[in-house]
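**Q** Can you read through this structure? Questions will come right after.
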Amino acid sequence: MKYVYRVIAISMIILLLSTGCHMNEDTGKGIRVIESGLSVSNEGILYSCLQLNNALCFYDFESMQSVYLCAEPNCNHTDYERCKAFRSSHMPFLYNEKLYYFTGESYYERDGSIKHTTKLIESDFSGSIEKTITEFEANNITSYICYLVGDTLYYIGAKIRYTDLGSSNYSSHILFSINLSDGRVNTIGKILDGYNVNIMPHGIIDNKLFLTIHYTEDDINFADYNMEDWSSIPLRYNCHMDLESGIIEKIDLPVPTKIVDNYYYYNKRYDNGAYKFVARDWRKGTERVIYDGPVANNVDLIDGKMFFSPVEGIDKNGDPIRKLDDNGVIFFSDIEYSYDLKKGKLTTIQKKISNRENLDIVASSEDKYIVFYMDIDNNIHNRLAYISKVDYLNGMDDFVLIDLPS
Ligand SMILES: [Zn+2]
């Protein structure tokens, strides 16, 4: 008997709270980031389309069009049971012209206990030839970023403790590696057991995966607390985990805003209480200032340029403070910065769109950026659009929404 996940909504909320935004793929040479509903390859962008009930769609860089990822003959993509674009897929990505994704299954064992497994499925675009590459014991819905290094996938799985009442707040988190060519799964090591655990992976340097870990010491329910108290309830630490040995070492630096190549980017506090956005060369331990103030966490890096927004300050938990309306919804900054990593040059982008709108760069294709457009007041989220790179730097208002697949 299948057990219905009810944790999906919760992990989506955690995802929105913790990142607020997706990051793009460009986080290091030969390292691909795969997110819960977004993966960029050389050919295009695979994404869950929010406007189409999360149908799996593909934006092709060459044709500049989006299509449903379904090749069923005569399918008009409305029958969720039949249409392959609505396959139950988690963290889908394309690799060597094949589609991969995770699915979760749960069964009641004979003794009444529940067993949860995660399957990695390999498929062609049409979904007509699907095969299970591997299956291992973990809940598949707790991880929202994994990394592909060569043909090895690094995946954080969780085992949630179940009681007679259903799922509990207690879970064990494990880092797995999966070899895509032979399906071999290797348990690298345990990250943490605890209550209300939330793990944010940031990136990989020198074969070490950098993580921020949130947890609570006691079994508390966040629903019992005010929103304002939420951010200060969980305990947290930053660490890295060796991808070979599984050894975890805590690190004494604030949460990174970005990790790419061998650089650790973060908001550094100086003795006079002021913050600056700095790049730390992880191997050498040297730092250079990129911007004379604190910046928001959703830093994009594309074509050797870093894009970031200034924030009001840093709160007592070390998190950037963003301007909010009465409902706690953010006002985007009027200014964004672009920093050329090679030239060390900072460019100011004076935005011409309203501060309830935002463009978030997903990919670069020739003279254009492909972006997710957001308009809070008109309830538009993650709508794919493109804009020429020149227009982006000139104020972001000249973007073109990409037609939804039909
Ligand atoms: Zn279809």
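**Q** Peptides 371-381, 110-120: what's the order by average Cβ count within 10 Å, highest mean first?
**A** Descending mean neighbour count gives 371-381, 110-120.
**Q** Hey, another quick one. About the Cα centre of region 255-406, what is the dipole size in debye to 20, counting +1 per Lys and Arg Cβ and -1 per Asp and Glu Cβ, all else neutral?
**A** Computed charge dipole of region 255-406: roughly 800 debye.
**Q** Which aspartates and glutamates does K316 reach when only Cα atoms under 15 Å apart count, and residues fewer than 8 places away in its own chain are ignored?
**A** List returned: E228, D229.
**Q** So, one more: Which ³J(HN,Hα) values in Hz, rounded to whole numbers, follow from the phi angles of region 343-351 under the Karplus curve 6.51 cos²θ - 1.76 cosθ + 1.60, where θ = phi - 60° and Gly and Pro get x?
**A** 7, x, 10, 9, 10, 8, 10, 8, 6
**Q** On alpha carbon coordinates alone, what is the Rg over Rh value for the chain, Rh being the Kirkwood radius?
**A** 0.95
**Q** Where the only charges are on Cβ atoms (+1 Lys, Arg; -1 Asp, Glu), what is the dipole of region 367-406 about its Cα centre, to the nearest 20 debye?
**A** 180
**Q** Defining a contact as two alpha carbons under 8 Å apart and six or more residues distant in sequence, what relative contact order in percent does region 235-347 show?
**A** 15
**Q** Starting from the amide H of I314, placed 1.01 Å from N in the peptide plane, find each other amide H under 5 Å away whose residue is 5 or more places distant or on another chain.
**A** Those lying under 5 Å, H to H, from I314 are I321.
**Q** Find, to one decimal place in angstroms, the Kirkwood hydrodynamic radius of region 360-406, where the mean of 1/r is taken over every pair of different Cα atoms and then inverted.
**A** Evaluated over region 360-406, this radius sits at 10.9 Å.
**Q** Could I ask something else about it? Go through K98/K250; K284/K342; K119/K258; K276/K342 and tell me which ones have a Cα-Cα distance over 27 Å in this structure.
**A** K98/K250; K119/K258
**Q** How many angstrom separate the Cα center of region 321-395 from the Cα center of region 115-175?
**A** 33
**Q** For a test of the definition: using alpha carbon positions, the gyration tensor, and the 1.5 limit on a/c, classify region 157-274 as rounded, prolate or oblate.
**A** In terms of gyration-tensor shape, oblate.
**Q** Further question: With just the Cα atoms of region 285-368, tell me how far they stretch along each of the three principal axes, in Å, largest first.
**A** Result, largest extent first: 40, 35, 19 Å.
**Q** Now for a different question. Let me know the shape class of region 21-145, please: from the alpha-carbon gyration tensor, a ≥ b ≥ c as square roots of the eigenvalues, rounded when a/c is under 1.5, otherwise prolate if a/b is greater than b/c, or oblate.
**A** oblate
None of the figures in this text is laboratory data; all of them are computed from the coordinates on show. Model, not experiment: these values are computed from the prediction. Note that we place each Cβ from the backbone using ideal geometry, even for glycine, and neighbour counts take in every protein chain shown.
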